[in-house]
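Read-outs: derived from the displayed coordinates by stated rules, not from any lab. Predicted model only: the values in this text are computed from it and were never measured. Here the Cβ is made from the backbone with ideal geometry for all residues, glycine too, and neighbour counts use every protein chain on show.
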Amino acid sequence: MRPTPTSSSRARVAARQRGVIMVIALITLAVLLIGAAITMRSMNATLSSVGNFGFKRDMANRAELGIRAATTALQTGVLSGNGARDVNNAAANYSASMLPSDPSGIPLAMLNLNSPSDINGQGSAGNEIVIANEGLRIVYLIDRFCATAGVFSQANCLVQGSLTLGGSNGKPLLIPPQPTYRITVRVSGPRNAYSFFQSTYTTLN
């Protein structure tokens, strides 16, 4: 015959059950807290990535200002005159010969740049574009793909091949080989962030 549990034994069993339930509840709470922390960290990382992507995209859009200023100097500005591109022009951030570059093709003069005058003598504050309300500084540098400064020649410079176009009188119009210019733009932004953008350009010498 099974003995009838006393009130004291029933109280001990109930206490043990409550203790087990408390442990399970604490473990469940710990798992939920860890899951919430991981979720919050993932959300923060996602928001940071989205913000960085938008920031980089804005810097790329702003780099167009530097590229446009450089091409304007080559087309109609101080570098458009006869023989103007045959010599270095520090005031125009221009080098008539190819500048030393790092393995990525960025001119060394554009690295560790603090002010336009740091561009190995090729810098001018007049060519620095500042967007103060966004904390952006844009500086461009143009160098010609030639071994040395001086009058352009195919033997001394990297050239684009000659082009044959249709003329107005039906005769082909031959455009002679032209030198190639490298435009490098550095956009510096908040939090010491910076990006480089490059474009090559060819125009009549």
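Here are a few things to note about the model shown:
- Here the label points at residue 24 and residue 86, each 7 Å from Cα along the C-beta direction, are separated by 9.3 nm in the simple model.
- Remark: the residue 65-residue 33 segment gains 6.6 nm on full extension, using 0.36 nm per residue and subtracting the alpha carbon distance.
- Stretching the chain fully between residue 134 and residue 199 yields a gain of 21.0 nm (0.36 nm per residue, less the alpha carbon separation).
- J(HN,Hα) series, region 22-39, from Karplus relation 6.51 cos²θ - 1.76 cosθ + 1.60, nearest Hz, glycine and proline x: 4, 4, 4, 5, 5, 4, 4, 5, 5, 4, 5, 5, 5, x, 5, 5, 5, 5
- Our coupling estimate for region 79-85, obtained by passing each phi through the Karplus curve with A = 6.51, B = -1.76, C = 1.60 and θ = phi - 60°, is 9, 9, x, 5, x, 5, 8 Hz, Gly and Pro reported as x.
- Charge sum, other residues only, whose C-beta stays under 14 Å from residue 77's C-beta, Lys/Arg counted +1 and Asp/Glu -1: +2
- Amide H contacts of residue 194 (H built 1.01 Å from N, under 5 Å, at least 5 apart or other chain): 189
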